[in-house]
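*Asks:* Pasting in a structure now, in structure tokens, and then I'll have a few things to ask.
The values are calculated or read from the model by the stated rules, or taken from the named source; none is laboratory data. In this text the structure is predicted, and so the values were computed from the model without any measurement. We work out accessible area using only protein heavy atoms, side chains counted, and drop any ligands, DNA or RNA first. Shrake-Rupley method; radii C 1.70, N 1.55, O 1.52, S 1.80 Å.
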Amino acid sequence: MVQLPHIPPYKTKVVEPVYFRSRQERQAKIEEVHYNLFNLHSDWVIVDLMTDSGTGAMSEYQWSEIMLGDESYAGSESYFKLIRSVQDIMGFEYVAPTHQGRAAENILFSTVVNSGDVIPGNAHFDTTKGHIEFRKAHAIDCTVQKAYNTEDTFPFKGNLDQEKLEKVIIEYGREKIPFINITVTCNTVGGQPVSLQNIKDTCSLAKKYDIPVYMDIARYAENAYFIKTREKLYTDWSIQAIITEMFKDVDVVWMSAKKDGLVNIGGFIALRDAALYEKLGQFTIIYEGFLTYGGMSGRAMGALAVGLKEGIEYDYLHDRIKQVQYLGSKLKEYGIPIQEPIGGHALYIDAAKMLPQIPITQYPAQVLGVEAYIEGGVRGVEIGTLLADRDPKTGKDRSAKLELLRLALPRRVYSMPHMDYVAATIARVNDRKEEIKKGFKIKRQAEILRHFTVELERA
Ligand SMILES: Cc1ncc(COP(=O)(O)O)c(C=O)c1O
């Protein structure tokens, strides 16, 4: 019998046009913007894989919440819809909305992190690390070593190494550790999941030393899907049951809802402890807005209340991960070196392996990003030496652990033919890679976070 192919669990109602320019036009444009992909206007991009954050498409139910939005300053119905959604799905009683993930970090860390503190975790996301270091505290990476070998196919490369973690706890002592931080999935090591067993082990270790566990849950639903499909014990569990188990012993979660919340803006902190919630409230009011909107509009909270529910539906998650895996397997068919196993929200191409003739000092991942843009109008983002920036003491480039071009997939936006197009674009760059002889040198750069505004020229 003919097998029915996979199709997405949605159909299109509104379309956004894509503009096609010629290769020559793109070549001139990228030169004009000093080879910085952040400087391109989006209508000059054909397939935009710069980020999966805030770039997803909302459903008709979410759009109807935009119309229903209650914009009252205090106690709006949209706020209560959001609170009920978080309580139902995640089981935390107290919820503080924020305008996005880093705003949640700002509030949370203003409340519990002090100078000299140590926060162990699995490869903290850069804004998380930034907020910790800004308070003169230290983020200590306890991710399993396998995470740093792109060829290792271990299914849970986001896991925390329990030995490393216990060593840190013993070395610094409970008083210096306000919480242990688990990030699901672990963006920094390639959208790699954390197993439920590892979450349980981390929570038991934390309990032994009486340390709270906080979780960064930007991509918690994708993590739950990976637990269901990769961790034998949980194959028959529903996504909701896995989420309940993931959060059972966790004290606080915070979320950039621009990912698995399926919205373009939004975030929140959710917790069990009334006293801590009251303390957070002071910072919510001075940094974000009143407690019942935290920097979000009523309509945005309504859309998030619905997005959270849609984001944990099995059919949606299956389609989402299938698309990422499809692009990954196409790239592999073309012989492109990618980070394995394929993670949840993005593909990472090993640019140093693909373009070995370009020295690290000439930014090979940026070279690959620019070539992919010229070849097919595909926009990714450099995760390498440009992003790693300079050592503040010496002013010299810090060398990155890996030179990667990240292709992050917006949710419910592109179809499989787009994935074929992206893979073919990268394959065409691969076919002519010997002709790419030189990389870039820096013409102008900002004091910090240089990758956003850097101006480059051919080396
Ligand atoms: C794991 C993780 N945590 C926190 C953040 C910060 O969230 P936002 O961009 O909404 O401020 C991000 C954003 O990409 C993230 O991936």
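*Asks:* Out of every Cα pair in segment 316-378, what percent are spaced more than 14 Å from each other?
*Replies:* Percent of Cα pairs beyond 14 Å in segment 316-378: 63.
*Asks:* Using a probe radius of 1.4 Å on heavy atoms only, what accessible surface per residue do you get for the chain? Whole Å² is fine.
*Replies:* Normalised by residue count, the accessible surface of the chain is 44 Å².
*Asks:* Accessible area of HIS418, 1.4 Å probe, to the nearest 10 Å²?
*Replies:* 60
*Asks:* Can you compute the equivalent ellipsoid semi-axes for the chain, i.e. the square root of 5 times each eigenvalue of the Cα gyration tensor, sorted largest first and rounded to whole Å?
*Replies:* 34, 27, 23
*Asks:* Only helical DSSP H runs with n ≥ 4 go in: add -39500 (n - 2.57) per run for the chain, normalise by residue count and round the 222 nm mean residue ellipticity to 500 deg cm²/dmol. Spell out each step's value before the answer.
*Replies:* On the way: 16 runs with 178 residues, N = 459.
Mean residue ellipticity at 222 nm (helix-derived): -12000 deg cm²/dmol.
*Asks:* Could you state how much accessible area SER415 has, in square angstrom rounded to the nearest 10, with a 1.4 Å probe and all protein chains kept in place?
*Replies:* Counting only protein heavy atoms, the figure is 50 Å².
*Asks:* Here's something else I'd like to know. What value does segment 60-310 have for Rg/Rh, both radii from Cα atoms and Rh as Kirkwood defines it?
*Replies:* On the way: Rg = 17.6 Å, Rh = 18.2 Å.
When Rh is taken as the Kirkwood radius, the ratio is 0.96.
*Asks:* Also: I'd like the distance separating the alpha-carbon centroids of segment 45-105 and segment 216-280, in whole Å.
*Replies:* About 14 Å separates the Cα centre of segment 45-105 from the one of segment 216-280.
*Asks:* Now, a different point. Report the relative contact order of the chain, percent, no decimals, based on alpha-carbon pairs under 8 angstrom and at least 6 residues apart.
*Replies:* Once normalised by length, the contact order is 22 percent.
*Asks:* Also: Over 26 Å between C-alpha atoms is what I'm after, so list which of LYS164/LYS279; LYS176/LYS258; LYS157/LYS437; LYS393/LYS443; LYS129/LYS200 land there.
*Replies:* LYS164/LYS279; LYS176/LYS258; LYS157/LYS437
*Asks:* In what sequence, largest accessible area first, do ARG450, ARG23 appear using a 1.4 Å probe?
*Replies:* ARG23, ARG450
*Asks:* According to the square roots a ≥ b ≥ c of the eigenvalues of the Cα gyration tensor, what is the shape class of segment 46-101, taking rounded for a/c under 1.5, prolate for a/b larger than b/c otherwise, and oblate for the remainder?
*Replies:* prolate
*Asks:* In the chain, what percentage of the DSSP-assigned beta bridges are antiparallel, given to the nearest 5?
*Replies:* 65
*Asks:* Output wanted: per-residue J couplings in Hz (rounded whole) for segment 107-121, from phi through Karplus 6.51 cos²θ - 1.76 cosθ + 1.60, θ = phi - 60°, x for Gly and Pro.
*Replies:* Whole-Hz 3J(HN,Hα) from phi for segment 107-121: 5, 5, 6, 4, 7, 10, 9, 10, 4, x, 5, 10, 10, x, x.
*Asks:* In terms of solvent-accessible area of protein heavy atoms at a 1.4 angstrom probe, what is the ranking of LYS309, LYS330, LYS11, highest value first?
*Replies:* LYS11, LYS309, LYS330
*Asks:* Does segment 208-297 classify as rounded, prolate or oblate by the C-alpha gyration tensor (a ≥ b ≥ c root eigenvalues; a/c under 1.5 gives rounded; else a/b over b/c gives prolate, otherwise oblate)?
*Replies:* Oblate is the answer for segment 208-297, as a/c is 1.5 or above yet b/c matches or exceeds a/b.
*Asks:* Right, next: Please report the spacing between the Cα centers of segment 116-173 and segment 397-459 in Å, no decimals.
*Replies:* Their Cα centres are 27 Å away from one another.
*Asks:* Pop out the carbon and sulfur fraction of the accessible area of the chain as a percent, whole number, probe 1.4 Å.
*Replies:* Whole-percent figure for carbon plus sulfur exposure: 54.
*Asks:* Shifting gears a bit: Largest first, what is the accessible-area ranking of TRP63, TRP44, TRP237, TRP254 with a 1.4 Å probe?
*Replies:* The most accessible residue leads, giving TRP63, TRP237, TRP44, TRP254.
*Asks:* As a test question: what accessible area, to the nearest 10 Å², does ILE286 have when a 1.4 Å probe is rolled over all protein chains in place?
*Replies:* Only protein atoms counted, so the area is about 120 Å².
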